[in-house]
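Down below is the structure, laid out as structure tokens.
The values are calculated or read from the model by the stated rules, or taken from the named source; none is laboratory data. Remember, predicted model here, so these are calculated numbers, not experimental data. Cβ atoms come from the backbone with ideal geometry, glycine included; neighbour counts cover every protein chain shown.
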Amino acid sequence: MMAQTLCFIKIKNIMKKLLLAALISLSVSILPQDLKSQTTKENSYVEVTATAFNEVAPNEFFIQIIIDETLSGSKATLEKKERELYSALKELGIDIEKNMQVQDITSSLKNSILRQAKILNRKSFILKVDSPELIFGVFNATEKLKISQVSITKTAVSDPEKIKSEVLAKAAAKAKSNAEVLASSLGFKLGKPIYVQNYDNALNPFRMLAKSSISIRGAATDTMNEESAPELEFEKIRFEQQVVIRFSIE
């Protein structure tokens, strides 16, 4: 009786070991299939990089005007010269309150030959205009007022965000077109985008000017007017967008 019981226990232990081995074998055979399926699903995509750009002519121009008592050529005070400047700009149709701001006000002491202290007043303005014609109008007006310190400091575009959006849309469309070509050439159908990254490579929506940034067509004269004013050409502002997009493929 005891021998039968021991035999039964031994057979039971053997069956447990066989069952455990079968379960381990089943797990091992199933696991690689699941991993392979998941990996294949994650790798079923095509990734493309596309760049688009647009170069836009500026439509905003910033002019620096400096009034200095020592350069006025007369005994006129800085305040009087300032009032004359405002009046001349208004005659050009420029909204002073909207388009002009004071940049700097300085006063300094300078010793004359007789060792007498003299106060020199200086005032700087930044004026925004929206056309080359107004630029010449401002230069003519300041020349008549004997204000010689006048210069164009920078140019800009008035709607940079709109331009950026248009360029970004162009880059995305280009990326999708390239992805469709790649997918179809490999025998796949292009699916939905599963990853999108955007790189804004655009410069600031304004450009600080140097001499090389402005070119002049026509003959320039000492006294510019509407008939003899040369044609100004400003360097265009470049907007560039880059996208990296992954599309699923079927």
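Data table
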quantity	calculated
Qualifying residue in segment 53-64 (condition: aromatic (Phe, Trp, Tyr), at pLDDT 85 or above and surrounded by fewer than 17 Cβ atoms within 10 Å (Cβ to Cβ))	yes
Verdict on residue 187 being on the phi > 0 side of the Ramachandran plot, modelled with pLDDT of 75 or more and surrounded by fewer than 17 Cβ atoms within 10 Å (Cβ to Cβ)	yes
Those residues of segment 236-250 which are basic (Lys, Arg) and more than 18 Å from residue 170 (Cβ to Cβ), in sequence order	246
Any hit, segment 113-130, residues being surrounded by fewer than 16 Cβ atoms within 10 Å (Cβ to Cβ), in contact with a helix residue (DSSP H, G or I) (Cβ under 9 Å, 6 or more places away or on another chain) and at pLDDT 90 or above	yes
